[in-house]
Structures are given as structure tokens and as C-alpha cells.
Amino acid sequence: MKDSSVEITQITDSVFGIALWDPSWHSYNNCYLINRDGKLLLLDCGKEDQGNLLIKALTQLHVESDSIDVFIATHGHSDHIGASHLFQKAEKWIHRDDCDRLSHEQIEGFNTFNSNIGELYGLSYLLLGHHTQGSIALYDTTTHCLFCGDYICFFGDKLPHNGLLTFGQDLRDKTRAFMVSWSQNSTDRHTYQFETFVQGLKLLSSYKDAMFLATGHGPILHKQIADFLDELVSIDG
Ligand SMILES: [Zn+2]
């Protein structure tokens, strides 16, 4: 029988999406494995107590924890960095604005992105500064994967029938509806910094050739990514 606690989907030749089921949250926490010129990069790693599940998933991909060369956190929430201690040999990265989210033990091993925009191992990163202060997106120009962490994610949503990839019209509609109602509520606009969120969307939508929106939780959107992001930006009322 298929193990539903982890879903592994090959997104491109060199990128795998790994979604770890979290029974306490009823959601998938996503991680991504990228093979870049022989170096293995891991983006996000789930919660600390999901470490065993992630190791199991990596084993299925014939990867040992000590073979991970680089670990990058999209942001400092525990469901994205909790199991990072398992990757002893990896060079670890997080944006400096999320450093205060790391424990004393964790902070030792991390390097920090100190600017709003830059590049690391062929991935462009940019600071989004919403969701958490130090939330970043990463764009892989080789594979056209846009990794957006929790900036847009499908927390608690069911997975498509075949792996993680979907065009996801229903998810796009739901995101749009959520933003429309947010934009129309002046208290929520202020409280949850709607304008800052839209600024981040504008940055994300600048990756015109993105083919995949690889989210922090659940399904990964495939195709017409810039169109989708432009549509969200246009909600700014
Ligand atoms: Zn998250």
C-alpha cells in the first residue's frame, strides 16, 4: 500500500518536491531537493519531529543526510527549519531578518543572507519581508521553479491525484477570493499589511518565465505562474 505520510514528486530532471504529512496540523509540510551541478541543495526540512520521515524520503531518492551540501530556509518557522540539525555537513543559510527565530544551538551552524537580493548556487533569492520579516523566495532559472515558501501556500489542502503538481484552478480561485476579501476589509488590510504583501507579489511576478510555483505546504502550481501572480497584484484596490 502507498505510504500517504510522504509524497515525493519529480518536478524536473533535477528537482524533487517532498511533502511530509503532519497529522497534528492536517497539512503537508514541503521540502525540495535540487541537484545542481553535482551539489545537493535542500530547501526547507519540515518540523523537528518530521526528521525521520524526511530521512526516509531522502533514502528513497538514494540520498543520505550527510550528502546534503547546502540547506536553505525560506523562512525561520519551525515547520521549515525544525529538522535542520540532521544535515551536519551542509552549509546552512537563512535571511538575517529571521535569525532571531533560530535557537541558540541552531544559530551556530547558519550563514545569513544579508541583502534583499542575491544569488547562491545558481538560485536567485529575494527578500519578501511578509509572513516573516526574513521570508525569501528563490528562483531557479535553470528549471523555472519559483520556491515561495509560505508566501503563497496551500496549508491543509488535499494533494492532486498524481503527486504534487497541478494547474490548480480551484487553488488559484481560492487564493484570489481570499485576497479580494482581505483587500476589502480595512482593518485586516492594516493589521496584516496587505500593501507589503502586494509588493512581494510584484517581486515574485517579475519572474516571467516561471513554470512551477513550489509552495511551502501542499500542491505545487504548474504553468501560467506569472499570469496568476499578475492577477493577484491587480487586486490591489
Ligand atoms: Zn510553513
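So which lysines pass the test for K47, namely a Cα distance under 22 Å, with those fewer than 8 places away in the same chain ruled out?
Filter leaves K56, K89, K92, K158.
Going by alpha carbons, how many degrees (0 to 90, nearest 10) lie between the helix axis of 51-60 and the longest principal axis of the chain?
70
Please say if region 47-161 is rounded, prolate or oblate, where rounded means a/c under 1.5 for a ≥ b ≥ c the square roots of the C-alpha gyration tensor eigenvalues, and otherwise the choice is prolate for a/b larger than b/c and oblate otherwise?
In terms of gyration-tensor shape, rounded.
Could you work out how far apart the two model spin labels at S4 and E48 are, taking each label as a point 7 Å from the Cα in the direction of the beta carbon, and quote it in nm?
The modelled label-to-label distance comes out at 2.9 nm.
Measure off, as a whole percent, the carbon and sulfur share of the 1.4 Å-probe accessible area of region 6-233, all protein chains present.
That fraction is 49 percent.
By how many degrees, 0 to 90 and rounded to 10, does the Cα axis of helix 169-183 deviate from the longest principal axis of the chain?
Roughly 60 degrees, rounded to the nearest 10.
Apply 1/(1 + (r/R0)^6) to the Cβ-Cβ distance of H104 and T187, taking R0 = 41 Å, and write down the FRET efficiency to the nearest 0.05.
Efficiency at R0 = 41 Å is approximately 0.65.
What is the magnitude of the charge dipole of the chain about its Cα centre, with +1 placed on the Cβ of each Lys and Arg, -1 on the Cβ of each Asp and Glu, and no other charges, expressed in debye to the nearest 20?
With Lys and Arg at +1 and Asp and Glu at -1, about 300 debye.
In the chain, what % of DSSP beta bridges are antiparallel (nearest 5)? Provide the component values of the computation, followed by the final result.
On the way: 33 of 49 bridges.
That works out to approximately 65 percent antiparallel.
With +1 on each Lys and Arg Cβ and -1 on each Asp and Glu Cβ, how big is the dipole of region 1-59 about its Cα centre, in debye rounded to the nearest 20?
100
Hey, what number do you get for the chain at 222 nm if only DSSP H runs of n ≥ 4 count, each worth -39500 (n - 2.57), divided across all residues, to the nearest 500?
Values: 7 runs with 61 residues, N = 237.
Rounded to the nearest 500, the figure is -7000 deg cm²/dmol.
Could you give the length gained on full extension between S115 and H144, defined as 0.36 nm per residue of separation minus the Cα-Cα distance, in nm? Walk me through the numbers before you get to the answer.
Details: separation 29, 0.36 × 29 = 10.44 nm, distance 2.26 nm.
Result for the pair: 8.2 nm of gain on full extension.
How many angstrom lie between the C-alpha centres of region 132-182 and region 79-110?
Each part reduced to its Cα centre gives a spacing of 23 Å.
The values are calculated or read from the model by the stated rules, or taken from the named source; none is laboratory data. As the structure is a prediction and not an experimental result, all values here were calculated from the model. All Cβ positions, glycine included, derive from the backbone under ideal geometry; neighbour counts span all protein chains shown. What goes into the accessible areas is simple: the full protein's heavy atoms, side chains included, and nothing from ligands, DNA or RNA. Shrake-Rupley method; radii C 1.70, N 1.55, O 1.52, S 1.80 Å.
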